[in-house]
Amino acid sequence: MSKRVTRLFIVIALSLGLYFALRECFRFIQAPETPRLLGALVAVIAGVGGVWAIYWLANEWVSLIPFQRVREKLLPFVFLGPALFLLAVYLIYPALNTIYISFFDRRSENFVGLANYQFIFSEPDVRIAFRNNAQWLIVVTSACVVLGLLTAALFDRVKWESLAKLSIFLPMAISYVGASVIWRFVYAWQPPGRPQIGLLNAIVVALGGEPVGWYLQPPWNNLALMVIMIWLQTGFCMVILSAALKNVPDELMEAARIDGASELQVFLKVSVPYIRGVVITVATTVLIAVLKVFDIVYVMTRGNYNTEVIANRMYVEMYRFVNFGRGSALAVILFLAVVPAALVNVRNMRRQRGEQ
């Protein structure tokens, strides 16, 4: 009994020591005179070490409970508790609160029912956003999956496979904002007679043509923006589909070749059907990313020149027009559009797991 009491006092002392240590670290980081680099270093060390210490002390607290059955039932909740708490605070509560605010007016003071949703579906600018999002879904998703599948199949046959795939996958290391800045220089436009700093217009002028405002002229400007996301997402599709193609049994392909099938027929009628589940997973993942596209449109055009999309319009309503009700309604619509794709993805993954 004395050992348990001694251990209890030790755990209490360590818990109090951890609390005061983390509090002092936080104060040190927040202090104006603290150098930024040193503050960042302390934040990383205190964050990683503090999380480890919290879990260790939580395990010690549970181990002090004298009843084994209670310990076994409580221990999973102790370790999952922080993650569940953060999930509830930063995901579930904001989602429910957004739905709630979508039924109120500009300042979230008066209940207006479905008026915000009625405005969304009757406003011409918002309808343009819906139309553009539909175009993004069709063009970007199809292009990424098709190009990813083709590059995966073709690069599996080249000598420098790793280098070739790396060249396609490299854009994945760039953020959407960084990629948009890069392509903004590629699409840059100057009036005729002035030096063209944009790569495409420099080529056009060198060939004797007139400079083109690639992201300024509808409807081609939407396609110019889509190219950026295709450039970013094709590498992701290629890597996943390449791994799936390598798992196609050689016996199936050899049997098809013996039956007289050409390489194209083997690819289209054997390999692609065999990895159908992976293709669906990749397509739905890209589709979800496309539905939420915001960074590219915001950096390139701010939604002007008929390039508006739902996420950008949501930002405009919330922060430019300060209309929280309409912005929240757009967020709810975007959420409802993402849910079916996510459910298809989950069902497909479960089916694949069951087949294995």
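Which whole-number value in Å² is the accessible area per residue of the chain, probe 1.4 Å?
Values: 21880 Å² over 356 residues.
Here the per-residue accessible area is 61 Å².
With all protein chains present, how much of the accessible area of the stretch 1-125 (probe radius 1.4 Å) comes from carbon and sulfur, to the nearest whole percent?
Numbers: 6890 of 9550 Å².
Carbon and sulfur: 72 percent of the exposed surface of the stretch 1-125.
How do Met226, Met314, Met349 stack up against each other in accessible area, from largest to smallest, with a 1.4 angstrom probe? Mind showing how you got there, number by number?
Numbers: Met226 5, Met314 50, Met349 90 Å².
Accessible-area ranking of Met226, Met314, Met349, largest first: Met349, Met314, Met226.
Quick one: with all protein chains in place, what share of the accessible area of the stretch 277-356 is carbon or sulfur, to the nearest percent (1.4 Å probe)?
Values: 2310 of 3810 Å².
Ligands and nucleic acids excluded, carbon and sulfur give 60 percent.
Inverting the mean 1/r over all pairs of different Cα atoms, compute the Kirkwood radius of the chain and quote it in Å.
On the way: mean 1/r = 0.0392 Å⁻¹.
It works out to 25.5 Å.
Which loop-located trypsin sites (Lys or Arg not before Pro) does the stretch 273-353 contain, where loop means any DSSP state but H, G, I, E or B and the Cβ has at most 14 other Cβ atoms within 10 Å?
Working: sites: Arg276, Lys292, Arg302, Arg313, Arg320, Arg326, Arg347, Arg350, Arg351, Arg353; in loops: Lys292, Arg302.
Of the trypsin sites (Lys or Arg not before Pro), the ones in loops of the stretch 273-353 whose Cβ has at most 14 other Cβ atoms within 10 Å are Arg302.
Rounded to the nearest percent, how much of the accessible area of the stretch 128-275 (1.4 Å probe, protein heavy atoms only) is carbon and sulfur?
Details: 5860 of 8260 Å².
With neighbouring chains kept in place, the figure for the stretch 128-275 is 71 percent.
Of Leu86, Ile12, Gln68, which is farthest on the positive side of the dipole of the stretch 2-91, counting Cα position, with +1 on Lys and Arg Cβ, -1 on Asp and Glu Cβ, and the Cα centre as origin?
Gln68
At most 13 other Cβ atoms within 10 Å and a DSSP loop assignment: could you name the chymotrypsin sites (Phe, Trp or Tyr not before Pro) in the stretch 248-326 that fit?
Values: sites: Phe267, Tyr274, Phe294, Tyr298, Tyr305, Tyr315, Tyr319, Phe321, Phe324; in loops: Phe294, Tyr305, Phe321.
Passing both the DSSP loop test and the Cβ count: Phe321.
So for the pair Ala202, Arg27, with labels modelled 7 Å out along Cα→Cβ, what separation do we get in nm?
5.6
Kindly rank 95-101, 179-185, 6-12 from highest to lowest mean number of other beta carbons found within 10 Å of each residue.
Descending mean neighbour count gives 179-185, 95-101, 6-12.
Which of Ala244, Ala337, Ala58 ends up with the largest GNM mean-square fluctuation for the chain, with Cα atoms connected below 10 Å?
In the Gaussian network model the winner is Ala58.
What FRET efficiency comes out for Ser167 versus Lys3 if R0 is 51 angstrom and r is the Cβ-Cβ distance? Round to the nearest 0.05. Walk me through the numbers before you get to the answer.
Values: r = 63 Å, r/R0 = 1.24.
It comes to 0.20.
Using a 10 angstrom cutoff on alpha carbons, build the Gaussian network for the chain and name the most mobile of Gln118, Gln233, Gln30.
Gln30
What ³J(HN,Hα) values, in whole Hz, does the Karplus curve 6.51 cos²θ - 1.76 cosθ + 1.60 give for the stretch 272-282 when θ = phi - 60°, with x put for Gly and Pro?
Values per residue, Gly and Pro as x: 5, x, 5, 9, 4, x, 5, 4, 5, 4, 5 Hz.
Using only helices, what value at 222 nm comes out for the chain when you add -39,500 (n - 2.57) per DSSP H run of length 4 or more and divide by the total residues, to the nearest 500 deg cm²/dmol? Before the final figure, lay out the partial values.
Numbers: 16 runs with 254 residues, N = 356.
Taking each H run of at least 4 residues, the total per residue is -23500 deg cm²/dmol.
Nothing charged except the Cβ atoms of Lys and Arg (+1) and of Asp and Glu (-1): what's the magnitude of the dipole of the chain about its Cα centre? Round to the nearest 20 debye. The partial results should precede the final answer.
Values: 31 positive and 20 negative charges, 186 e Å.
Dipole magnitude for the chain comes out near 900 debye.
Taking H placed 1.01 Å from N in the peptide plane, check which residues at least 5 places from Phe104 or on another chain put their amide H under 5 Å from its amide H.
When sequence neighbours closer than 5 places are left aside, the close amide H contacts are Val112.
Could you give me the radius of gyration and the Dmax of the stretch 184-233, taking only the C-alpha atoms into account and expressing both in angstrom?
Rg and Dmax of the stretch 184-233, Cα atoms, are 11.2, 36 Å.
Can you give me the solvent accessible area of Ser162 with a 1.4 Å probe, rounded to the nearest 10 Å²?
Approximately 100 Å² of Ser162 is accessible to the 1.4 Å probe.
Just to be sure I understand: with springs between alpha-carbon atoms less than 10 Å apart, which residue in Thr34, Thr285, Thr141 has the highest mean-square fluctuation in the Gaussian network model of the chain?
Thr34
Based on C-alpha coordinates, I'd like the Rg and Dmax of the stretch 2-91, in Å.
Rg, Dmax (Cα atoms, Å): 16.3, 51.
The values are calculated or read from the model by the stated rules, or taken from the named source; none is laboratory data. Note that the coordinates shown come from a computational prediction; the quantities given were computed from them, not determined experimentally. Heads up, the Cβs are rebuilt from the backbone with ideal geometry, glycines too, and the neighbour counts pull from every protein chain shown. Calculation scope for accessible area: heavy atoms of the full protein, side chains included, ligands and nucleic acids excluded. Shrake-Rupley method; radii C 1.70, N 1.55, O 1.52, S 1.80 Å.
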